[in-house]
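A quick write-up on the structure given underneath.
The values are calculated or read from the model by the stated rules, or taken from the named source; none is laboratory data. Just so it is clear, the structure is predicted and the values come from calculations on it, not from any experiment. Positions of Cβ are backbone-derived with ideal geometry, glycine not excepted, and every protein chain shown enters the neighbour counts.
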Amino acid sequence: MESRFLGIAELTDVPDVAVVVDVMRAYTVAAWAFARGAERVVLAESLEDALALKARRPDWLTLKDGPPAPGFDLVNSPALLRGTHLAGRTVVQKTTAGTVGALAVKDASLVLCASFVVAGATAGLLRERACERVTFVVTGGGGRAEEDLACAEYIARRAGGGAVDAGPYLRRADASRSAAELRQGVREGSTPEDVALCLEPDRFPFAMVAGAEDSLMVLRRVAPVDPPPSA
């Protein structure tokens, strides 16, 4: 499999297959939403769009970065989300980087959204669909976020087949600026406990595939038939 690693601003064409990576925290949070029973995650283009969707569908739950705010039900924190019961619910998510990255490649033939918690299943789906060329979109830090790049490289290695030791990739992510800011409480709407939850490789046995549904970009969980071994 041929892989390239680009930031959102570096995307100059429509990739055939895109894996959008946001470890801390958008696609760890989305995975937890599915694990707590959510049926789908709608990726909103703006906070205003998220609120407009909520106005039309009051039963949908809205989620954003930062502190709690009027009109939003959830914040972008796996630790604060994991106790929430979401069975059958639709979650509308808008974040600073993760959702932006997915919408930037919405015309790709296959869009996966990923983090460490779904890394093995994501790699398994890439193998299952015999993807030859994959663009990994590193969403954080203008395409330089170490946690996202480490996760992207880990998934790429695992998609190539054979066992891969997650340790070196997790240590890079753990030493990242994002991890430090979460531990220090710099980012509102998060908790230091988020770091450990973002660094659990293969916690969930599903990948997350984004596609157009009724003019919306919608994320759904998909379980690969045979995810590759971790180590």
*Lone unmet requirement of (1) surrounded by fewer than 24 Cβ atoms within 10 Å (Cβ to Cβ); (2) in contact with a strand residue (DSSP E or B) (Cβ under 9 Å, 6 or more places away or on another chain); (3) in contact (Cβ under 8 Å) with a residue 24 or more places away in the chain for residue 98*: (1)
*Taking into account only those residues within the range 1-56 that are of a type in the set (Phe, Trp, Tyr) and out of contact with any Leu (no Cβ under 7 Å at 6 or more places or on another chain), which is farthest from residue 149 (Cα to Cα)?*
34
*Counting residues that are under 24 Å from residue 230 (Cβ atoms), which helices (runs of 4 or more DSSP H) fully inside the range 14-120 reach at least 1?*
26-35, 78-81, 98-104
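So is residue 133 loosely packed, with under 15 Cβ neighbours inside 10 Å, within 29 Å of residue 226 (Cα to Cα), touching a helix residue (DSSP H, G or I) at 6+ places or on another chain (Cβ under 9 Å) and at pLDDT 95 or above or not?
no
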*Return only the number of the condition from (1) more than 25 Å from residue 225 (Cβ to Cβ); (2) without any contact (Cβ under 8 Å) to a residue 12 or more places away in the chain; (3) of a type outside the set (Lys, Arg) that residue 143 does not satisfy.*
(2)
